[in-house]
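Chemist: Quick one: this structure, given as structure tokens, is what I'll be asking you about.
The values are calculated or read from the model by the stated rules, or taken from the named source; none is laboratory data. The model shown is predicted, which means the values in this text are computed figures rather than measured ones. Neighbour counts run over all protein chains shown; Cβ positions are idealised from the backbone, glycine included.
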Amino acid sequence: MKLATLRTATGTRAVRLDGEVHVDLGYTDLGELFARDGWRAEAAAATGPTYPVSGADFAPVVPNPSKVVCVGHNYTNHIKEMGRDLPAHPTLFPKFADTLIGAHDDIVKPAETDALDWEVELALVIGKQVRRADEQRAADAIAGFTVMNDISARDWQFRTIEWTQGKIWEATTPVGPYVVTPDEVGGVRPALEVRTVVDGQVMQQDDTGTLLFDPVFLVQYISTVITLRPGDIIATGTPAGVGNARDPKVFLVPGRRVVTEITGLGSCTNEVVAP
């Protein structure tokens with residue numbers, strides 16, 4: 001299934017893609033749906049009102065997750081381009097709900113940065129509460145996968161050795177358009193092509209099968225530290241090709257169009273606009 005959260009005239013709605021329409025699932029958003037026991041069967045059987053796919057206004061797939069955990073240094077090529085050694089453990093940092101925007105929303109460039117960068121990422125969404133999950137429970141907890149563009153203000157990110165301040169700028173991180181269940185993408189360890197295209201030029205291209213720490217391992221690892229709840233999002237890292245690693249460096253400025261896409265999941269397509 002492909003599931004989304006749409007903005008409608010009466011508020012956000014959780015929906016299922018069904019041909020040329022989105023079928024209302026009876027919940028305000030996917031976070032509310034995923035909190036239900038048996039949500040998969042309920043979502044598959046729903047026969048609510050429909051909304052046309054054409055012109056759909058996508059909200060973040062989960063507008064208010066309890067947490068967004070991001071992973072750095074998880075593609076070999078990207079680690080090498082940043083001049084670092086392969087890590088023994090995942091590098092984690094947080095994002096917050098206020099950081100997220102819809103898959104087709106404009107990215108408003110913060111006036112305070114001159115180094116706004118792109119990062120295409122496979123993100124997974126949690127569909128079952130887990131703590132200290134073993135491998136099977138971790139796999140079962142993955143509701144599905146989506147696309148995230150982990151927009152980063154590099155000049156703020158590298159002010160200190162801790163990255164968070166460069167990663168959490170309000171309303172800058174597209175996520176969506178759909179959460180696609182694992183059965184549609186080859187399971188909970190999918191090998192999918194990821195790409196970033198800026199103004200028609202391919203900037204990043206890799207395969208999620210080359211992740212150092214795969215989605216199941218990340219659920220196990222993170223759930224050891226903290227409870228993962230339905231609707232929580234884990235972004236699995238970005239491949240080589242970010243603007244900050246180019247010579248000369250290339251950054252997002254108003255007027256640029258950035259597309260982050262993953263085979264089978266869709267794309268986030270965003271215009272960069274002035275504040």
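Chemist: Please specify each residue of the stretch 180-201 satisfying the condition of being closer than 15 Å to ASN270 by Cα and either part of a strand (DSSP E or B) or β-branched (Val, Ile, Thr) (or both).
Modeler: ARG195, THR196, VAL197, VAL198, GLN201
Chemist: Is it the case that PRO248 is touching a strand residue (DSSP E or B) at 6+ places or on another chain (Cβ under 9 Å), in a loop (DSSP other than H, G, I, E, B) and farther than 22 Å from LYS67 by Cα?
Modeler: Details: touching a strand residue (DSSP E or B) at 6+ places or on another chain (Cβ under 9 Å): no; in a loop (DSSP other than H, G, I, E, B): yes; farther than 22 Å from LYS67 by Cα: yes.
No, not satisfied.
Chemist: Another one. Just to check your reading of the model, which residue among LEU122, LEU92, LEU86 is of a type in the set (A, V, I, L, M), within 18 Å of TYR221 (Cβ to Cβ), touching a helix residue (DSSP H, G or I) at 6+ places or on another chain (Cβ under 8 Å) and part of a loop (DSSP other than H, G, I, E, B)?
Modeler: LEU86
Chemist: So ALA111 fits all but one of (1) surrounded by 15 or more Cβ atoms within 10 Å (Cβ to Cβ); (2) part of a loop (DSSP other than H, G, I, E, B); (3) out of contact with any His (no Cβ under 7 Å at 6 or more places or on another chain); what number is the exception?
Modeler: Going through (1) surrounded by 15 or more Cβ atoms within 10 Å (Cβ to Cβ); (2) part of a loop (DSSP other than H, G, I, E, B); (3) out of contact with any His (no Cβ under 7 Å at 6 or more places or on another chain) one by one, ALA111 breaks only (1).
Chemist: Still on this model: So the check is Cβ under 6 Å with 6+ separation or different chains; which pairs have a first residue in the stretch 113-134 that's on the phi < 0 side of the Ramachandran plot and a second one that's modelled with pLDDT of 95 or more and acidic (Asp, Glu)?
Modeler: These pairs meet every condition: THR113/ASP155; ALA115/ASP155; GLU119/ASP150; GLU121/ASP150; ILE126/ASP232.
Chemist: Restricting attention to the stretch 64-83, which residues are at pLDDT 95 or above and either surrounded by 20 or more Cβ atoms within 10 Å (Cβ to Cβ) or under 18 Å from VAL216 (Cα atoms) (or both)?
Modeler: Within the stretch 64-83, the subset at pLDDT 95 or above is 64-71.
Across the stretch 64-83, the qualifying residues are PRO65, LYS67, VAL68, VAL69, CYS70, VAL71.
Chemist: I'd like to know if the stretch 12-29 contains one or more residues that are at positive phi and in a strand (DSSP E or B).
Modeler: Looking through the stretch 12-29, none of the residues is at positive phi and in a strand (DSSP E or B).
Condition check ((1) touching a Lys or Arg at 6+ places or on another chain (Cβ under 8 Å); (2) modelled with pLDDT of 95 or more) across all residues:
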position: VAL198; (1), (2): yes, yes
position: PRO215; (1), (2): yes, yes
position: VAL225; (1), (2): no, yes
position: GLY243; (1), (2): yes, yes
position: ASP247; (1), (2): no, no
position: VAL253; (1), (2): yes, yes
position: ARG257; (1), (2): no, yes
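Chemist: Please indicate, with yes or no, whether at least one residue in the stretch 87-104 is in contact (Cβ under 8 Å) with a residue 60 or more places away in the chain, surrounded by 17 or more Cβ atoms within 10 Å (Cβ to Cβ), within 16 Å of GLY176 (Cβ to Cβ) and basic (Lys, Arg).
Modeler: In the first step, residues of the stretch 87-104 are kept if they are in contact (Cβ under 8 Å) with a residue 60 or more places away in the chain; the result is 87, 89-90, 92-96, 98-104.
Subset that is surrounded by 17 or more Cβ atoms within 10 Å (Cβ to Cβ): 90, 93, 95, 99-103.
With within 16 Å of GLY176 (Cβ to Cβ) added as a condition, the list becomes 95, 99-103.
Narrowing the set further to residues that are basic (Lys, Arg) leaves 95.
Yes.
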